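Okay, structure first, notes after.
The values are calculated or read from the model by the stated rules, or taken from the named source; none is laboratory data. In this text, all values refer to a predicted model and were calculated from it rather than measured experimentally. Each accessible area value is taken on the protein alone, full model and side chains, heavy atoms only, with ligands, DNA and RNA left out. Shrake-Rupley method; radii C 1.70, N 1.55, O 1.52, S 1.80 Å.
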Amino acid sequence: SVWVLPETDRDYPLQLSSTGITRRDRNYRIVSGGRTYYVLEYIVRGRGHLFIDNHHFQPAAGDFYLLPPNMPVFW
């Protein structure tokens, strides 16, 4: 589920454009050559796999990570 938030006409240093929840699904994959914005994810329960620059991470419940813009990633 994804919720897109309304744009603001103010120039804030940080703007949240969307939020969402990913439910467990063994077939769910994201492959990205990089996005033009930061991605912040918090894991509520379970764990997943994150591959960045030939490094394998396994974020689990209670973890969060921040991906900078233009970061190629597979998760």
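Keeping all protein chains in position, work out how much accessible area TRP3 exposes to a 1.4 Å probe, and write it in Å² to the nearest 10.
130 Å²
Please report, as a whole percent, how much of the solvent-accessible surface of the chain comes from carbon and sulfur atoms (probe radius 1.4 Å). Don't skip to the end; give the middle numbers.
Details: 3550 of 6800 Å².
About 52 percent, which is the carbon plus sulfur part of the accessible surface.
Under a GNM of the chain (C-alpha, springs under 10 Å), which listed residue has the highest mean-square fluctuation: ARG47, ARG26, ARG35?
ARG26
Check ARG35: other-chain or 5+ apart residues with amide H under 5 Å from its amide H, H built from backbone geometry?
Here the answer is ASN70, MET71, since their amide H atoms fall under 5 Å of that of ARG35.
Can you give the accessible area of THR22, probe radius 1.4 Å, in Å² rounded to 10?
80 Å²
Rolling a 1.4 angstrom probe over the protein heavy atoms, how many square angstrom per residue are accessible across segment 7-75? Write down the numbers at each step before the final one.
Numbers: 6190 Å² over 69 residues.
The answer is 90 Å² per residue.
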